[in-house]
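First up is the structure itself, then whatever we jot down about it.
The values are calculated or read from the model by the stated rules, or taken from the named source; none is laboratory data. Computed from a prediction, not measured in an experiment: that's the story for all the values here. Cβ coordinates were reconstructed from backbone atoms using ideal geometry, including for glycine residues, and neighbour counts include every protein chain displayed. To get the accessible areas, we keep the full protein, side chains included, count just its heavy atoms, and leave off ligands, DNA and RNA. Shrake-Rupley method; radii C 1.70, N 1.55, O 1.52, S 1.80 Å.
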Amino acid sequence: MITTFLRTLAALMVAALSVNQAVAQSEDGALEITVAGGEFQPISVASPAFFSDGGEAANLAAQIRQVVMNDLVGSGLFRSIEETAFIEQVVDFDVEPTYADWQAINADALFTGHAKIEPDGRVLVKFRLFDPFSEGQVEGLQFFSDPADWRRIGHKIADAVYAKMTGEGGYFDSRIVYVDERGPKGNRQKRLAIMDQDGENLRYLTSGGDLVLTPRFSPKDQEILYISYERGQPQIFLYNLETQQREVLGNFPEMSFAPRFSPDGRQVLLSLAQGGNTDIWVMELATRKMRRLTQSPAIETAASYSPDGQQIVFESDRGGGQQIYVMSALGGSPQRISFGQGRYGTPVWSPRGDMIAFTKSSGGQFQIGVMRTDGSEERILDASFLSEGPTWAPNGRVLSFFRETPGANGRPSLWSVDITGRNLKRLNTANAGSDPAWSPLLP
Amino acid sequence: MKSTLKFLIAAGAILAVAACSEEPASPEAAAANSGGSTAAAVDQSTLQYFQQTVGDSVFFATNASSISPRARQTLQRQAQWLNANLAVNAQIAGHADERGTREFNLALGARRAESVRSFLVSQGVAAGRLSTISYGKERPAAPCSAETCWSQNRRGVTGLVGAPTS
């Protein structure tokens, strides 16, 4: 059943990629894009019970189960089967379910869990995933952790279910760093903030006294790069989330900005202004050695590595308007890949290597889209007055970005969308937020 | 008490004029208005004089950084002022409107600031007295989302370092 299901899912995704998109104007001025034609059926999943040995564990078990279900349903690929539809009441974690009872209600997957507080104070959570149609257990895991980290256990279980049922990597046990925004449009107070991908565990990383922009997550470590004006010129800072150590990268007479880590986390692509002209450089983090990658009187910026580290994609107005180019990571002659109507910027290579996400401005609107790495099969996933700055979830299936509403009281907000165009939704943040950057899966 | 009120009203009127001077066309107009009649009474070395009478801002077309004829006049006055006030240095801030992506707008702001800087240098201002910074779209002067505001936000602002405020 699982393999049949995966094949079906894959087929549906291909279908979704090729169908036409319907575009409609909504009340708040944002374009709503619905992918028509795909007969997409979410995976039906049931979670009969999370057991415990009582006390605090009972509470944790219930909360973890809720996190798992919220993650799965929130992805848009799963549907939760109502408890009232259950035929069998599962009463023991160690007893196999009666598969026929779950087949009867078309449960594609069924998971149960058990939480217990260990003598050393840690919580032990076990989890089992069953496929009612192949009549067997397809996954079983257990986690030990500080009870305070219970949400992460939920995300890890959700990732396990997602991976087994879709055949793709999960992305729930991850975080998003972004810029929290307050105050009037002409004098925004911007603070670096980090939260779990579901909006929980918000933490501020800077005080708000200095203008900060464009955080970027290391694909390898719990490190981020961001821009701060705290020393006058915009400069790139490297922040270690574990040690909370901060350092400035290089000391250049003019602006340094638009940083991105290499896939191995050892190098940083960045942009330097020299005599007002911006070009792309690469810095080796260990030695701080700099190498220049572009040299032209045009603006070259917003560079991003391919996941194999062999190529970079960046934006340039060398041809007149802002467009997207691909080039060897060593430099050389860039190939333009964006040829649609409008201007293209902020290219980001998918962690799967197959696509490049971008911001496009055309016809007075800004759009978030993806294209193949040769520029073909462009697909617009969101459009509004201002939609900008896509960032990939670690599995390369979901993008986050921000929208900003127009006018003197305009405010930015964080959004996410599946690369098929489905499941466009606003993310929960405490205040207005912009410039999201998705972390890799947590270790 | 009454006279205080009158004074406040008068101050309000001046502020309104100052606010108008942020419009692309008006710094030059403001200079023309105040230059002749009141010049004798005004201390020309102050920050206020530079901002309101000389004109501290020049404006750019969409995605462009070239100096327009009108901006050229403003910058010529700025250069004259800077050449007459040698103790004062300047930092030129380049700005962009909100209709571009964040990093591109930072680069565009840097280009505009450099365009202003090199024009001032061409007018005899010592390069060592001038620095640049880009704010991209981070610090709009006018908040509305229409060309009337965007045209005010695509700007280069010459900020004085060390000028008396009054």
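What is the number of the single condition among (1) under 30 Å from B:Val116 (Cβ atoms); (2) in contact (Cβ under 8 Å) with a residue 24 or more places away in the chain; (3) out of contact with any helix residue (DSSP H, G or I) (no Cβ under 8 Å at 6 or more places or on another chain) that A:Ser271 does not meet?
That leaves (3) as the condition not met.
Out of the stretch B:114-129, which residues are surrounded by fewer than 21 Cβ atoms within 10 Å (Cβ to Cβ) and at the interface with chain A (Cβ under 9 Å from one of its Cβ atoms)?
B:Ser118
Only one residue in B:Thr101, B:Thr132 is within 30 Å of A:Ser434 (Cα to Cα), among the β-branched types (Val, Ile, Thr), at the interface with chain A (Cβ under 8 Å from one of its Cβ atoms) and touching a residue at least 24 places away in the same chain (Cβ under 8 Å). Which one? I'd like the intermediate steps shown before the answer.
On the way: B:Thr101 fails: touching a residue at least 24 places away in the same chain (Cβ under 8 Å).
Unique residue meeting the criteria: B:Thr132.
Tell me which strands (runs of 3 or more DSSP E) are completely within the stretch A:249-315 and hold 2 or more residues being within 10 Å of chain B (Cβ to nearest Cβ), or say none if there are none. Before the answer, list the steps.
Details: elements: A:256-261, A:267-274, A:277-284, A:290-292, A:300-305.
Qualifying strands (runs of 3 or more DSSP E): A:256-261, A:267-274, A:277-284, A:300-305.
What are the pairs, 6+ residues apart or on separate chains, where a residue within the stretch B:135-147 that is at positive phi has its Cβ under 9 Å from a residue that is of a type in the set (Lys, Arg)?
From residues that are at positive phi, the pairs are B:Gly136/B:Arg102.
Suppose we filter the stretch A:274-298 for residues that are within 14 Å of B:Ala107 (Cβ to Cβ), in contact (Cβ under 8 Å) with a residue 40 or more places away in the chain and within 28 Å of the chain's Cα centre (by Cα); how many remain?
Of the residues in the stretch A:274-298, 0 are within 14 Å of B:Ala107 (Cβ to Cβ), in contact (Cβ under 8 Å) with a residue 40 or more places away in the chain and within 28 Å of the chain's Cα centre (by Cα).
For the stretch A:375-403, name all the residues that are part of a loop (DSSP other than H, G, I, E, B) and among the charged types (D, E, K, R).
A:Glu377, A:Glu378, A:Arg397
Regarding the stretch A:161-170, can at least one residue be identified that is of a type outside the set (Phe, Trp, Tyr) and in a strand (DSSP E or B)?
no
I'd like to verify a number: residues in the stretch A:404-443 that are within 13 Å of chain B (Cβ to nearest Cβ), in a strand (DSSP E or B) and open to solvent by less than 20 Å² (accessible area, probe 1.4 Å), how many?
Result for the stretch A:404-443: 5.
Sort through A:His114, A:His155 and tell me the only one that's more than 28 Å from the chain's Cα centre (by Cα), in the same structural domain as A:Ser47 (by TED's automatic domain parsing), crowded, with 16+ Cβ neighbours inside 10 Å and closer than 26 Å to A:Ser174 by Cα.
Going through A:His114, A:His155 in turn, the sole match is A:His114.
Would you mention how many residues in the stretch A:49-74 are without any contact (Cβ under 8 Å) to a residue 12 or more places away in the chain and open to solvent by less than 10 Å² (accessible area, probe 1.4 Å)?
0
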